[in-house]
Amino acid sequence: MTMALLTPEQKARMLANGRVAAEAIAEDGNTPDVFPVAKLFTPWGAATWLLSELDPEDEDIAFGLCDLGVGCPELGSVRLSELESVRGPGGLAVERDLHFRATKSLTAYAAEANRFGRIRA
């Protein structure tokens, strides 16, 4: 059995961030710079996701810093259901970093990732 990609607490925080972002976009087109809530990764490769929010209209869509391990990390959206369906060697699945605690904002992680060509978290 695989572990849930997000805990209920992470999901609640990410939905709250998503609501705030949606309100800010509707108001002035800008979004707040929040801290990532969850770090997901592939244990067999270099793919990593630092996720900060969920779309309040479609909770399957997460936003964050996405790095497929090919040197081009970028801010964007990903479907959690797609990440849950990914399987690597021996049936390995995408995992949640149980020890991740964000120390900076999502844009600070993105700037660093662009400098180094990968997420460093």
**OP:** Mind listing whichever residues of segment 45-74 are out of contact with any Leu (no Cβ under 6 Å at 6 or more places or on another chain), part of a strand (DSSP E or B) and either crowded, with 19+ Cβ neighbours inside 10 Å or of a type outside the set (D, E, K, R) (or both)?
**Re:** Thr48, Leu51, Glu53, Ile61, Phe63, Cys66, Asp67
Original post:
Given the conditions (1) in contact with an Asp or Glu (Cβ under 9 Å, 6 or more places away or on another chain); (2) farther than 20 Å from Leu98 by Cβ; (3) surrounded by 16 or more Cβ atoms within 10 Å (Cβ to Cβ), which single one is not true for Thr42?
Top reply: (2)
Original post:
List pairs: first in segment 80-106 and without any contact (Cβ under 8 Å) to a residue 12 or more places away in the chain, second surrounded by 14 or more Cβ atoms within 10 Å (Cβ to Cβ) and outside any helix (DSSP H, G or I), Cβ under 8 Å, 6+ apart or cross-chain?
Top reply: Arg87/Ala93
**OP:** For segment 101-117, name all the residues that are surrounded by 16 or more Cβ atoms within 10 Å (Cβ to Cβ) and not in a helix (DSSP H, G or I).
**Re:** Ala102
Subject >> Verdict on Ser77 being of a type in the set (Ser, Thr, Tyr), under 18 Å from Ala22 (Cα atoms) and either at pLDDT 95 or above or in a strand (DSSP E or B) (or both) >> reply: yes
Subject >> Of all residues in segment 6-39 being part of a helix (DSSP H, G or I), more than 13 Å from the chain's Cα centre (by Cα) and of a type in the set (Gly, Ala, Ser), the one that is surrounded by the most Cβ atoms within 10 Å (Cβ to Cβ) >> reply: Ala21
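The values are calculated or read from the model by the stated rules, or taken from the named source; none is laboratory data. Please read all numbers here as calculations on a predicted model, not as lab measurements. Reconstructed Cβ throughout: ideal geometry from the backbone, glycine too, with neighbour counts over all protein chains shown.
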